[in-house]
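Accompanying notes for the structure given below.
The values are calculated or read from the model by the stated rules, or taken from the named source; none is laboratory data. All values reported here derive from a predicted model rather than from experimental measurement. In this analysis, Cβ positions are derived from the backbone assuming ideal geometry, glycine residues included, and neighbour counts consider all displayed protein chains. When the accessible area is computed, the model is the full protein with side chains, heavy atoms only, and any ligands, DNA or RNA have been set aside. Shrake-Rupley method; radii C 1.70, N 1.55, O 1.52, S 1.80 Å.
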Amino acid sequence: MKKFPAAVLSVAIAGLLAFAGASVPTSAQAADGDVTWSVEPSGPQGPDGRLLYDYSVDPGTVISDTMAITNYSSTPQTFQLYAADGLNDFDNGQFSLQSGGTPNADLGAWTSIDAAEVTIEPGSSQAIGFTVTVPTNATPGDHSAGVVASITRKGTGDGGQAIDVEQRVGARIYLRVSGTIVGGINTQGLVANYDGVLNPFAGGDLEGSYTVQNTGNTRLNLEQTAQISGPFGIRLATLSSDAATNLLPGQIISVPVVSSAILPLGLLTVDVEVRQKVQPGVGTADVTPATESASTWAMPWSMLAVIALLALLVVVIVWRRRVHNARLRAAIAFLQEQSRDSAGVAAPASPTPASESVPVRS
């Protein structure tokens, strides 16, 4: 049976679904049928209440720590253990981990777990140690990864094809290497589209997107302000929202721009500014705001269609009137011609009676 490479399905990742500065659970759980488990920071004796691993170290430092894996299932389970680099999902910006089997290039590569797999009895926990060896030439700034416990289910598919599905749970690791902290962002590719409605006075939806990249070496929270303007700079809307939360160094994500009830006034302009959103624990460097601009046409097609129909109706009425008047004028001209022709024909002359000679009698 032919098999494709294992498809990775991240059901839950410990602490990865919550961003820095937000409330997070002490553990996360994933379920596959009746299989449920968690991964969380731990001491040798069990979970120690930490929400995640957070280190600030110098290059060349070696860190030893522990992860606790708890099997909530009713049967023994064997879990594969590994470390994976942290990343941001391109579409939604959420923190995630690199797929299993993909080579690590950063903190995931610096992290080694004491065991490649572990079997845990139902309702039991086990503490597994791991080591983070920071290279002596590690770049300053923030690095992210996670320690993962996963199971892989052999899939079955139609047509003789099978896809293995990996389900995993992990606890995130944040590590800051001492040195100069640099902040920077780059925005590109803003595009905008307008989707009108039948009633132009109700306004339509404007949707757009652009990419933002963290070009510095520290995690950042970003916010955006988008201004939508019509002809002659008429301000139609001003939007403020989060652009990115916990954007990791080097990561690129897509950021949406959405607004409703925008009047279709022709050519619209969208101006976006992205700047750092200062939040405790995330982002400490000065970041120069970045801007993007784009234009799109917002035409009141329904109104233009009505106007076009009215104009066509006027044209038809005028044309029919002209045709009618032309025919009327032609009829009148014909009658006049007939009348002139009748008046120009001479009536036949009446015969003149011959003169009679009347004799005169004397």
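What is the local net charge at N186, summed over the other residues whose Cβ is closer than 15 Å to its Cβ (Lys, Arg +1; Asp, Glu -1)? In short, -1. Contact order, relative form, for region 182-264: 36 percent (alpha carbon pairs under 8 Å, 6 or more residues apart, mean separation divided by residue count).
Over all pairs of different C-alpha atoms in region 170-209, the reciprocal of the mean inverse distance, the Kirkwood hydrodynamic radius, equals 15.3 Å. Based on alpha-carbon atoms, the Kirkwood radius and the radius of gyration of region 29-88 give Rg/Rh equal to 1.03. Across region 38-143, the mean sequence separation of Cα contacts (distance under 8 Å, 6 or more residues apart), normalised by length, yields a relative contact order of 35 percent. Taking the Cβ-Cβ separation of L198 and D164 as r and a Förster radius of 45 Å, what is the calculated FRET efficiency to the nearest 0.05? Efficiency at R0 = 45 Å is approximately 0.35.
Computed in the context of the full set of protein chains, the accessible area of region 177-217 at 1.4 Å probe radius has 49% of its extent on carbon or sulfur. Packing order of peptides 131-137, 253-259, highest average first: 253-259, 131-137 (average count of other Cβ atoms within 10 Å over each peptide's residues). Counting pairwise Cα distances across region 187-246, what percent come out greater than 20 angstrom? Of the Cα pairs, 41 percent sit more than 20 Å apart. Sorted into 5 angstrom bins from 0, the C-alpha pair distances of region 59-129 split as 3, 14, 19, 19, 18, 15, 9, 2, 0 percent. Mind checking the log10 I(q)/I(0) for region 118-217 at q = 0.16 Å⁻¹? Debye, one equal scatterer per Cα, no solvent, two decimals. So the normalised log intensities are -0.95.
Scalar couplings 3J(HN,Hα) for region 179-186, obtained by applying the Karplus form with A = 6.51, B = -1.76, C = 1.60 to θ = phi - 60°, are x, 6, 9, 10, x, x, 9, 9 Hz; x denotes Gly and Pro.
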